[in-house]
2 protein chains.
Amino acid sequence: METQGTKISRRGRPPKRFDEQSDTREMLLRAGVRVLTEKGFCATGIDEILRGVGIPKGSFYHYFNSKEAFGAELIDRYGAYFARKLQHHFDDASLPHLERLKAFVSDACAGMAKYGYMRGCLIGNLGQEMGALPPSYGDRLKSVFMDWQERVAVCLFAAQEAGEISVNIDCERQAAFFWIGWEGAVLRAKLERHPAALSIFSEVFFAGLNSR
Amino acid sequence: METQGTKISRRGRPPKRFDEQSDTREMLLRAGVRVLTEKGFCATGIDEILRGVGIPKGSFYHYFNSKEAFGAELIDRYGAYFARKLQHHFDDASLPHLERLKAFVSDACAGMAKYGYMRGCLIGNLGQEMGALPPSYGDRLKSVFMDWQERVAVCLFAAQEAGEISVNIDCERQAAFFWIGWEGAVLRAKLERHPAALSIFSEVFFAGLNSR
């Protein structure tokens, strides 16, 4: 294939050229996150992503083997980005544990506000579209949710150990409940272009933790 | 337009012919619900819907002005179908009010199980895709959620009046919370092809109502 040939011919170029390549790859991934959080996978053509970053059509396959491989990398990247964001808040020793989860929620709300509630969650968007996606994405998406959920569960266990929430609370179950509902809230905030659903979900969720 | 011409030429045909027309229209709408609950709007071509019901491509525009008009009718139809389903349970005087909402939840879970958790909520699916949909769908989808939410709120108020739940509960807020989270649960059940998310959401939701 032409793209393979191009790839091979570029080997051995000076480091600057290599930087340009990785910059272009990075630009494509950023553009991918933008369109997948706004519109999902099915409505998004590679053409649109390339147009957004001003890269000729033939170049895409120089950086990624297929649209499927590109999407898989976007899922992993987005999953890791939010895992770091969660952990950043959960490691903040200046706050009680439950406040750390609230800080993550505020951060995520600010993220949605920044883009006028036009961008949702890439994992939720793709989860919704699974009926039309490559089957391999199913396990990737589930793994991301499990990872995020496990981090929230650890935070809730710590809050419980510190006496911030009742010992009667099933932390694993509440962490699962949190992600189920939060994805629903993000979906609704995006539909309404408004943060009300995020506030309602988080307020009722935290009130529930304190009332038991 | 040709389709207009065809429409006019069919006027005055005997009732049987008219029945066939409305049967075909009905078949198209049913096929539309199936593919939109499985895959959403963007991944669904009119061709696929037509293939599913064995109707030639040119015929679609005999029944609907456009894919947008078809989608709008599917939203309204799906919204009305679940409004009737909710009301059917809420009017069941043989059960306490809160049990009526639980009966709806069981009914909806059975509906997902029936299709192997392949079909989600048409309104949730389209809400997720709003970034790529005709802008006119936004208000339609929001209206459906508001209608469903109001019916749940009325059920919760009745439960409160009957002393089934605490007077401290904000029924409007809990009804909004229910739909936010329930859509997240449906999304997750579809991704996982498994009912766990539906059980977790509903159990924690109802436990929350009883603990206040």
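The values are calculated or read from the model by the stated rules, or taken from the named source; none is laboratory data. For clarity, every value in this text was computed on a predicted model and none was experimentally measured. Neighbour counts are summed over all protein chains in view; Cβ atoms, including those assigned to glycine, are modelled from backbone coordinates with ideal geometry. Accessible surface areas use protein heavy atoms only, side chains included; no ligands, DNA or RNA. Shrake-Rupley method; radii C 1.70, N 1.55, O 1.52, S 1.80 Å.
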Discussion item. Once ligands and nucleic acids are excluded and a 1.4 Å probe is used, how much of A:GLU164 is accessible, expressed in Å² to the nearest 10?
Written reply: 60
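May I ask which of A:LYS85/B:LYS190; B:LYS114/B:LYS190; A:LYS102/B:LYS39; A:LYS57/B:LYS67; B:LYS85/B:LYS142 have a Cα-Cα span longer than 24 Å here?
Working: A:LYS85/B:LYS190 26 Å; B:LYS114/B:LYS190 12 Å; A:LYS102/B:LYS39 34 Å; A:LYS57/B:LYS67 29 Å; B:LYS85/B:LYS142 19 Å.
The answer is A:LYS85/B:LYS190; A:LYS102/B:LYS39; A:LYS57/B:LYS67.
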Worksheet item: Suppose every K and R has +1 on its Cβ and every D and E has -1 on its Cβ; what is the size of the dipole of the protein assembly as shown about the Cα centre, in Debye to the nearest 20?
Response: 1620
Worksheet item: Other chains near B:203-210: what is the mean number of their Cβ atoms within 10 Å of each residue's Cβ?
Response: 4
Practice prompt. Round to the nearest 10 and give me the degree value, 0 to 90, for the angle of helix B:67-90's Cα axis relative to the longest principal axis of chain B.
Written response: 40
Discussion item. With the label 7 angstrom out along Cα to Cβ, how close does A:SER94 come to the same site in each of the other copies, in nm, nearest first?
Written reply: 6.1
Practice prompt. May I ask which residue of chain A has the beta-carbon nearest to the axis carrying chain A onto chain B, and at what distance in whole Å?
Written response: A:GLY184, 1
Worksheet entry | Distance from the stretch B:138-212 to the stretch A:93-141 (C-alpha centre basis), Å | 21
Worksheet entry | Teacher prompt: B:ASP107 distances to equivalent labels in other copies, 7 Å Cα→Cβ, nm | 4.3
Discussion item. Using only Cα atoms and rounding to the nearest 10 degrees, what angle (0 to 90) does helix B:97-114 make with the longest principal axis of chain B?
Written reply: 40
Practice prompt. Go ahead and estimate [θ] at 222 nm for the protein assembly as shown from helices alone: -39,500 (n - 2.57) per DSSP H run with n ≥ 4, summed, over the residue count, rounded to 500.
Written response: -25000 deg cm²/dmol
Practice prompt. Return a whole-number percent for the relative contact order of chain B, with Cα pairs under 8 Å and 6 or more residues apart as the contact set.
Written response: 21
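Using the per-residue mean of other Cβ atoms lying within 10 Å as a proxy for protection, in what order, highest first, do the peptides B:177-190, A:168-181 fall? Let's see the in-between values first.
Values: B:177-190: 26.8, A:168-181: 20.5.
Ranking the peptides B:177-190, A:168-181 by packing returns B:177-190, A:168-181.
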Item to complete: Give me the angle, in degrees from 0 to 90, between the Cα long axis of helix A:171-192 and the longest principal axis of the Cα atoms of chain A, rounded to the nearest 10.
Response: 60
Worksheet item: Peptide A:142-153: average number of partner chain Cβ atoms within 10 Å per residue?
Response: 1
Item to complete: Could you work out, residue by residue across B:125-136, how many beta carbons of other chains sit within 10 Å of that residue's beta carbon, and then give the average as an integer?
Response: 6
Worksheet item: Placing a label point 7 Å from Cα toward Cβ, how far apart in nm is B:ASN65 from its equivalents in the other copies, listed shortest first to one decimal?
Response: 4.8
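Would you please name the chymotrypsin sites (Phe, Trp or Tyr not before Pro) within the stretch A:92-155 that are DSSP coil residues with at most 14 other C-beta atoms within 10 Å of their C-beta? Intermediate results must be reported in sequence, preceding the final value.
Values: sites: A:PHE104, A:TYR115, A:TYR117, A:TYR137, A:PHE145, A:TRP148; in loops: A:TYR115, A:TYR117.
Those that pass, being in a loop and sparsely packed, are A:TYR115.
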